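What follows is one structure encoded as structure tokens, with my remarks underneath.
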Amino acid sequence: MTGRSEKTVTAKVLVVGGGPGGYVAAIRAGQLGLDTVLVEADRLGGTCLIRGCIPSKALIHVAGRFEAMGQSVGDGRFGIALDTPPRLDLAAAVRWKDGIVDRLSGGVAALLRKAKVRVLRGWAVFSDAKTCTVQGSEGPLIVRAEHVILATGSEPVPLPALPFGGPVLSSTEALSLDRLPRRLAVVGGGYIGLELGSAFAKMGSTVTVVEAQPRILPLYDAALTDPVRRWLERAGVTLHLGARALGMEVGGDGQALVVQTADGGTIRLPADAVLSTVGRRPRLEGWGFETMGVDRRGGFVAVDDQCRTSMRNVWAIGDLVGEPMLAHKASAQGEMVAEIIAGHRRRFAPAAIPAVCFTEPEIVSVGLSPSEASAQGIDAIVDQFPFAANGRALTLDAGESGFVRLVARRDDRRVIGIQAVGAHVSELSGEFALALEMGAELEDVAGTIHAHPTLGEVFHEAALRLLGRPLHL
Ligand code: FAD
Ligand code: NAD
């Protein structure tokens, strides 16, 4: 129930959550002339901008620079020699990262203002599907809207035996440390564990990864993850695969992570910090979701291909509605929902959603892998072109393990999947996604002049090779 003194705000569109799903939905709704209110309890930008994509990539960049400088100590590399090893001031690196986050969060606020979106700061709690109370600094506000877009995102899953707190960090704390942990144990060899684990290894931590599956990054195939595994081994990262974290224990050698290994034995991993990254779950607690009468599917909010929930004019987007839990998917859904509310005919049916893992080397996957194509009964042809035969890769000192792999239908040579591993391949993901979205055939890729010297030429050559006429191999 609400008190008489509470103020009421009405809007055509209410967006809950200011992450890449919610803020993009609100900007687009505002651009389309819809009277829009966005509620955000924390800072604008959500997980991605404040404690996810952007801060992690900033620290990965710092780690890469630090590692490269370290490799120049002594005899040097590329003719560059440093007399003394570089020193890392992690607190200063974190301040640099925070500066980028501040700038981008301020940019989101400015874009929302420009689109005439009213931003309410505070935690929204729903009393029914179209009404929420926002607990802001100036007291409670009741917000009612014709359309509600739920974009409350996700949160890290804690392991029961390893609750967050003290030495057990989630990605949020790991991105804001002021001192480097000397020994870091990472539980979960997925996206976050390996992106951040690799960065900490480059910065000088002794890193051990405990992964439950028999290999790292199980959502990518082994051909793509093998170069990452080799890099981790070279960098001195210990991998315990098929292993499980049992909890923390304090002994004579200090605090340690207790791990059940693949052979059923138990080991202790002394650690100054444990980064637990075993997945994320939709944020559905504490804001009255249960009062809304909206259906769930597999723990997520159930939506159709227009992001409509089971309740009329209640929409849900982003991490809340399931895999892939990626920022660009959230934004694409947010943009679409705003346009549907404004009367456009849209549905969410992308040919592909690119996935990028910012490990060493980077991995990109767009569309179907060879095994996914065969599981779907598609008669596919597959080939790849190595970075070792590309001039740009060699000038970037990245020729060793990278490649671009193409999957195409045998009958009409339509491209149905593109994967790549190698330095900077994240920057090729847009070209890959465009090719799939435009329904490119191998001849289209082969017939497109790619600038020299660039890594994009590897994509061009992969198409030529699949057509049986590579030029540089
Ligand atoms: P979120 O970004 O989670 O935003 C939800 C917002 O809702 C939050 O700001 C929260 O405060 C607010 N909120 C929730 N409930 C309420 C309420 N009741 N009232 C008011 N406000 C509320 N994805 C990529 O694509 N690329 C990457 O490189 C990448 N790196 C990542 C690295 C890390 C360490 C992490 C943790 C995630 C990463 N992700 C990455 C995933 C990406 O961050 C998410 O997919 C994305 O943020 C989801 O966007 P969203 O809008 O659905 O939700
Ligand atoms: P994840 O699903 O990528 O990886 C979790 C890993 O933990 C898996 O490999 C799983 O097998 C393992 N695991 C689960 N339980 C375990 C246990 N008890 N012991 C040991 N290992 C265990 O999850 P994440 O790394 O937490 O990332 C969450 C999500 O955030 C990702 O799925 C992705 O959607 C998003 N993300 C994306 C990017 C990117 O796009 N570059 C980067 C970071 C995060």
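Computed from the alpha carbon positions, the gyration tensor of the chain leads to an equivalent ellipsoid with semi-axes of 38, 31, 22 Å, biggest first.
Applied to the stretch 117-130, the Karplus parametrisation 6.51 cos²θ - 1.76 cosθ + 1.60 on θ = phi - 60° returns per-residue 3J(HN,Hα) values of 8, 7, 9, 10, 8, x, 8, 8, 10, 7, 9, 8, 4, 10 Hz, with x for Gly and Pro.
Cysteines in the chain lacking any other cysteine Cβ under 4.7 Å from their own Cβ: 132, 307, 357.
Dipole orientation for the stretch 306-359: of the candidates 313, 326, 338, 313 has the Cα lying most toward the positive pole (charges on Cβ; Lys, Arg +1; Asp, Glu -1). If R0 is 30 Å, the Cβ-Cβ spacing of residue 297 and residue 12 corresponds to a FRET efficiency of close to 0.60. Extension gain, residue 155-residue 305: 0.36 nm per intervening residue step, less the Cα-Cα distance, totals 51.6 nm. Solvent-accessible surface of the stretch 98-176, averaged per residue with a 1.4 angstrom probe and all protein chains in place: 47 square angstrom. Among the listed pairs 57/116; 7/130; 202/329, a Cα-Cα separation exceeding 26 Å is found for 57/116; 202/329.
Whole-Hz Karplus values for the stretch 403-419 come out as 6, 10, 10, 10, 10, 9, 5, 5, 5, 10, 6, 6, 6, 10, x, 9, 10 Hz, taken residue by residue from phi with 6.51 cos²θ - 1.76 cosθ + 1.60 and θ = phi - 60°; glycine and proline positions read x.
If you place +1 on the Cβ of every Lys and Arg, -1 on the Cβ of every Asp and Glu, and leave all else neutral, what size is the dipole of the stretch 210-297 about its Cα centre, to the nearest 20 Debye? Mind dumping the intermediate values first?
Values: 11 positive and 11 negative charges, 52 e Å.
Dipole size: approximately 240 debye.
Bridge orientation summary for the stretch 205-266: considering DSSP beta bridges with both residues in this region, about 65 percent are antiparallel. In this simple spin-label approximation, residue 450 and residue 144 carry label points 7 Å from Cα along the Cα→Cβ vector, and these lie 5.8 nm apart.
Size of the dipole of the stretch 1-140 about the Cα centre, Lys and Arg at +1 and Asp and Glu at -1 on the beta carbon, nothing else charged, in debye to 20?
Values: 19 positive and 12 negative charges, 107 e Å.
Roughly 520 debye for the stretch 1-140.
For residue 424, the residues whose amide H sits under 5 Å from its own are 362, ignoring neighbours fewer than 5 places away on the same chain, with H placed 1.01 Å from N. Each stretch of four or more DSSP H residues adds -39500 (n - 2.57); spread over every residue of the chain, this sum gives -9000 deg cm²/dmol at 222 nm.
Whenever you get a sec, compute what percent of the accessible area on the stretch 97-222 sits on carbon and sulfur atoms (1.4 Å probe). Present the calculation step by step, with values, prior to reporting the outcome.
Values: 3070 of 5410 Å².
About 57 percent, which is the carbon plus sulfur part of the accessible surface.
For the stretch 333-363, applying the loop criterion from DSSP together with a ceiling of 16 other beta carbons within 10 Å to the GluC sites (Glu not before Pro) yields no site.
Taking the dipole about the Cα centre of the chain, with the C-beta of Lys and Arg at +1 and of Asp and Glu at -1, give me whichever of 137, 190, 252 is farthest to the positive side. The listed residue farthest towards the positive side: 137. Full extension of the chain segment joining residue 91 with residue 65 gains 7.8 nm, where the gain is 0.36 nm per residue of separation less the Cα-Cα distance. Summarising the amide proton neighbourhood of residue 353: residues at separation of 5 or more, or on other chains, whose placed amide H is nearer than 5 Å comprise 367.
Given their separation in residues at 0.36 nm each and the Cα-Cα distance between them, residue 81 and residue 263 gain 61.0 nm when the chain is fully extended. Counting only Cβ charges, +1 for Lys and Arg and -1 for Asp and Glu, the dipole size of the chain around its Cα centre is about 1200 debye. Take each peptide in 86-98, 127-139, 188-200, 237-249, count the other Cβ atoms within 10 Å of every residue, and average; sorted highest first, the result is 188-200, 237-249, 127-139, 86-98.
With Cα atoms defining each centre, the stretch 286-326 and the stretch 1-54 are spaced 16 Å apart in the structure.
Selection among 117, 382, 166 by position relative to the dipole of the chain gives 117 as farthest towards the positive end (Cβ unit charges, Cα centre).
For the stretch 222-379, taking the reciprocal of the average inverse distance between every pair of different Cα atoms yields a Kirkwood hydrodynamic radius of 19.8 Å.
DSSP loop trypsin sites (Lys or Arg not before Pro) in the stretch 376-419 with at most 11 other Cβ atoms within 10 Å of their Cβ, which ones? Kindly include the intermediate steps, with their values, before the conclusion.
Details: sites: 392, 405, 409, 410, 413, 414; in loops: 410, 413.
Those that pass, being in a loop and sparsely packed, are 410.
Could you please state, rounded to a whole Å, how far the C-alpha centre of the stretch 412-473 is from the C-alpha centre of the stretch 217-262? Rounded to whole Å, the Cα centres lie 34 Å apart. Summary of packing: across the peptides 434-444, 47-57, 70-80, the per-residue average of other C-beta atoms within 10 Å ranks them, highest first, as 47-57, 434-444, 70-80.
The fraction of accessible area contributed by carbon and sulfur in the stretch 1-66 is 52 percent, rounded to a whole number (1.4 Å probe; ligands and nucleic acids excluded).
Calculate, for the stretch 229-332, the solvent-accessible area per residue in square angstrom, rolling a 1.4 angstrom probe over the heavy atoms of the protein chains.
Averaged over the residues of the stretch 229-332, the accessible area is 47 Å².
Under 5 Å between amide hydrogens, built in the peptide plane, is the criterion, and for residue 149 it picks out 14, 15, 16, 315 among residues at least 5 positions away or on other chains. Whole-Hz Karplus values for the stretch 74-82 come out as x, 5, x, 9, 6, x, 9, 10, 10 Hz, taken residue by residue from phi with 6.51 cos²θ - 1.76 cosθ + 1.60 and θ = phi - 60°; glycine and proline positions read x. Within the accessible area of the stretch 414-458, what % is carbon and sulfur when the probe is 1.4 Å and the other protein chains stay in place? Its accessible area is 59 percent carbon and sulfur atoms.
The values are calculated or read from the model by the stated rules, or taken from the named source; none is laboratory data. Since the structure is predicted, the reported quantities are computational estimates derived from the model, not experimental observations. Methodologically, a virtual Cβ is constructed for each residue, glycine included, from the backbone with ideal geometry; neighbour enumeration extends over all protein chains shown. For the accessible areas, the whole protein counts, side chains as well, though only heavy atoms, and no ligand, DNA or RNA atoms are used. Shrake-Rupley method; radii C 1.70, N 1.55, O 1.52, S 1.80 Å.
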